[in-house]
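Take a look at the structure below.
What follows draws every value from the coordinates through simple rules; no lab data is involved. Not measured: the values here are computed from a predicted model. A quick note on method: Cβ atoms are made from the backbone with ideal geometry, for glycine too, and the neighbour counts reach across all protein chains shown.
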Amino acid sequence: MPEWNLKRFFGVAPLLLLAACGSSPQPSTQTSSSAPAANLPEGKVDPATAGTISGKVLFQGEAPVMPVIDMSSNPNCERQHPTPFRAETVVVNPNKTLRNVYIHIKDGLTPARWAPPAQTAKLDQNGCVYAPHMQGILEGQDLEILNSDPVNHNVHAECQKNPAWNESQAPRAEHKFKKFSNEETIFPFTCSVHPWMRAWIGVSKHPFFAVTGPDGSFRIEGVPPGTYTVEAIHEKLGAKEGKLTVAPSGAATIEFTYGS
Amino acid sequence: MAANSVYRPGLNRWSILLSVCTLMLVVAGGLVTSRDAGLSVPDWPLSYGKLMPPMEGGIFYEHGHRMIATMVGMFTIVSMVWLARTEKRKWLRMLGVAALLAVITQGILGGMTVLLLLPWWVSTSHATLAQLFFSTTVAISMFTSAWWLAGPTVTKESVAAPIRRLSLLAPILVVCQLALGAAARHKAIGSIYHICGSPIVAGVILWLCLRISLHYSQHLELRRAALTLAGITFSQVFLGIAAYMTRIAYADAVQPMPLMVTFTVLHVAVGALTLASSVALAIIVRRNLSPLEAA
């Protein structure tokens with residue numbers, strides 16, 4: 001579908017006279033401001049009342065066949081995959097569930113300032129593929145970026161609400177450590193050296209998020225009692241949401257269904 | 001003015017070489033965008049901190065584009081100096097300076113688009129200026145040729161079929177259409193605007209070429225230039241349809257597909273040829289046809 005964006009269309013008019021340099025639309029490195037979190041109380045989990053949210057993401061209909069990625073442009077990438085590697089855009093598990101869906105509490109939590117965990121999240125470039133393909137991190141948490149490949153990569157964080165950046169990473173170079181200070185669900189990491197490479201990261205204000213795995217299930221622990229809107233986001237199939245109530249020390253379940 | 005100038009085969013051949021290299025550069029730039037390789041080299045003006053990084057994956061396209069651009073920049077400097085030292089026509093010397101300024105601006109825009117992470121307005125300006133620069137080099141090739149220096153074959157503009165203004169409208173519309181195409185490629189606007197513009201531009205060009213064929217067929221230069229423009233425009237419309245269809249066919253592809261890349265890059269290159277040939281035709285028309293008022 002063509003993107004009908006009249007503002008940008010008329011913005012092209014100065015370009016016709018090559019005067020575009022004079023106009024100053026926002027460059028992609030601009031960040032949106034987030035509400036100051038310093039005044040918020042520190043988020044705490046009361047183990048005596050904390051509950052869990054668990055569930056599955058189902059896929060109905062015929063599972064799409066993902067294309068085999070052609071890595072012939074870089075033999076060092078190709079050699080690392082003895083069998084053809086398929087794109088991970090839509091991964092339907094054998095039990096008809098969907099992998100790589102980001103699940104988070106979208107609404108209903110008492111506003112709080114959650115301290116980032118000491119544990120770093122990791123994003124590896126291995127076999128010219130990002131691993132993991134989808135993950136969630138907390139605002140301010142360290143993201144450690146590795147290049148386990150014998151080839152150069154560029155790592156491009158295509159954020160909208162955090163400063164976007166693009167940096168090179170040489171083969172087995174020093175790890176990069178990055179933080180994201182604004183909530184953002186979800187944005188891609190890409191590599192233009194190997195244009196098939198794509199990973200997704202959701203930056204959350206709170207620790208109540210999960211990503212579905214090889215059985216399509218997810219589990220979020222330590223959830224304060226309350227009524228919440230839970231959102232599931234898939235990179236291609238979009239977002240769905242549902243409401244649930246977590247009783248004190250209770251276990252709430254929810255299922256999301258994608259597909260036809 | 002032509003009588004004061006001397007034909008210099010070396011200068012003319014150099015100008016033609018610059019035009020050919022510029023067309024190669026346009027192709028290389030088209031490949032960078034079509035292969036999604038625009039950010040494969042995050043630094044500028046060096047590449048991975050070096051003059052010559054490993055030419056793997058997208059780096060091959062991005063750094064290759066930079067290498068050809070450097071060569072074209074140097075060729076343009078030589079061309080400007082050559083014109084400044086030997087050319088008697090002041091306006092042509094000024095055109096050489098304008099070409100150099102354009103290529104410098106183009107290099108800065110290329111660096112900005114990398115460092116600012118491909119903002120649409122920089123990338124679109126870069127793509128549009130590339131097309132204008134190519135036409136400038138083609139014009140310099142024309143002005144330094146023996147054919148140009150031999151002088152025009154002046155004829156009167158037909159009252160029934162005036163084309164002097166129409167011949168100016170064609171390249172203006174082509175530039176607008178190229179800018180819309182560039183903006184669509186860099187995701188500033190939808191491709192619908194470029195698609196809607198194509199019948200208008202093609203229609204004006206067809207109208208101009210038909211007028212020349214019908215009313216000025218005795219004028220060899222005009223007839224040849226019109227036929228060339230019509231042929232290139234016809235190819236361009238076909239390539240545009242093919243590029244769009246392959247884009248739809250591969251909309252879900254996880255990496256640039258060769259057929260889509262081929263048609264898109266050809267569309268970009270033939271777009272440059274369309275502009276250059278419409279500029280050439282406008283120059284030939286205004287040189288060879290005396291205006292109605294003077295007739």
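Miscellaneous remarks
- Degrees, to the nearest 10: B:9-34 long Cα axis against longest axis of chain B: 40 degrees
- Degrees, to the nearest 10: B:192-215 long Cα axis against longest axis of chain B: 20 degrees
- 10 Å Cβ neighbours from other chains, averaged over peptide B:114-126: 5
- Rounded to the nearest 20 debye, dipole of the stretch A:56-259 from Cβ charges on Lys, Arg, Asp, Glu: 220 debye
- Across the stretch A:140-146, rounded Karplus estimates of 3J(HN,Hα) from the backbone phi angles (6.51 cos²θ - 1.76 cosθ + 1.60, θ = phi - 60°) give x, 6, 6, 10, 9, 10, 10 Hz, Gly and Pro being marked x.
- Placed amide H near residue A:249: partners under 5 Å, 5+ positions off or other chain: A:50, A:51
- Calculated SAXS-style log₁₀ I(q)/I(0) at q = 0.08, 0.10, 0.16 Å⁻¹ - chain B, Debye, Cα scatterers: -0.37, -0.58, -1.30
- Integer Hz, Karplus 6.51/-1.76/1.60 couplings in order for the stretch A:39-49, x for Gly and Pro: 7, 6, x, 6, x, 9, 10, 8, x, 6, 10
- Shielding by partners - mean other protein chain Cβ count within 10 Å, residues of B:192-199: 2
- Charge tally around residue B:264: other residues with Cβ under 9 Å, Lys/Arg +1 each, Asp/Glu -1 each, net +2.
- Note on the stretch A:36-122: Rg/Rh from C-alpha atoms, Kirkwood Rh, equals 1.14.
- Karplus (6.51, -1.76, 1.60) ³J(HN,Hα), θ = phi - 60°, over the stretch B:252-260, in Hz, Gly and Pro reported as x: 9, 5, 8, 8, x, 8, x, 5, 5
- 16 Å reach of a label modelled at residue B:251, 7 Å along Cα-to-Cβ, counting backbone N of the stretch A:45-89: none
- A simple spin-label model places the labels of residue A:52 and residue A:158 3.6 nm from each other, with each point 7 Å out along Cα-to-Cβ.
- Most mobile of B:16, B:163, B:248 in a GNM of chain B (Cα contacts under 10 Å): B:248
- CD proxy at 222 nm, helix term only [per DSSP H run n ≥ 4: -39500 (n - 2.57); per residue of chain A; nearest 500]: -1500 deg cm²/dmol
- Dipole-positive endmost among A:230, A:65, A:147 within the stretch A:56-259 (Cβ charges, Cα centre): A:230
- If you take all other residues with their beta carbon under 13 Å from the beta carbon of residue B:213, and give Lys and Arg +1 and Asp and Glu -1, the sum is +3.
- Helix-only mean residue ellipticity at 222 nm for chain B, each DSSP H run of n ≥ 4 adding -39500 (n - 2.57), per residue, nearest 500: -26000 deg cm²/dmol
- Pairs exceeding 29 Å between alpha-carbon atoms, taken from A:44/A:106; A:176/A:243; A:56/A:178; A:236/B:187; A:122/B:187: A:176/A:243; A:56/A:178; A:122/B:187.
- Amide N of the stretch B:249-268 lying under 17 Å from the label point, which is placed 7 angstrom from the Cα of residue A:236 along Cα→Cβ: B:249-257
- Altogether, the Stokes-Einstein calculation at 4 °C and 1.567 mPa s, with the Kirkwood radius of chain A over Cα pairs as Rh, returns a diffusion coefficient of 63 µm²/s.
- Applying 0.36 nm per residue to the separation of residue B:195 and residue B:46 and subtracting their alpha-carbon distance, the gain on full extension is 49.9 nm.
- Based on every Cα atom in the protein assembly as shown, Rg and the maximum pairwise Cα distance Dmax equal 28.8, 99 Å.
- For residue A:155, nonlocal amide neighbours, meaning residues 5 or more places apart or on other chains whose placed amide H falls under 5 Å from its own, are A:167, A:168, A:169.
- Placed amide H near residue B:289: partners under 5 Å, 5+ positions off or other chain: B:155
- Partners of residue A:205 within straight-line reach, counting aspartates and glutamates whose Cα lies under 15 Å from its Cα and excluding those fewer than 8 residues away in the same chain: A:42, A:107, A:139, A:142, A:183, A:184, A:231.
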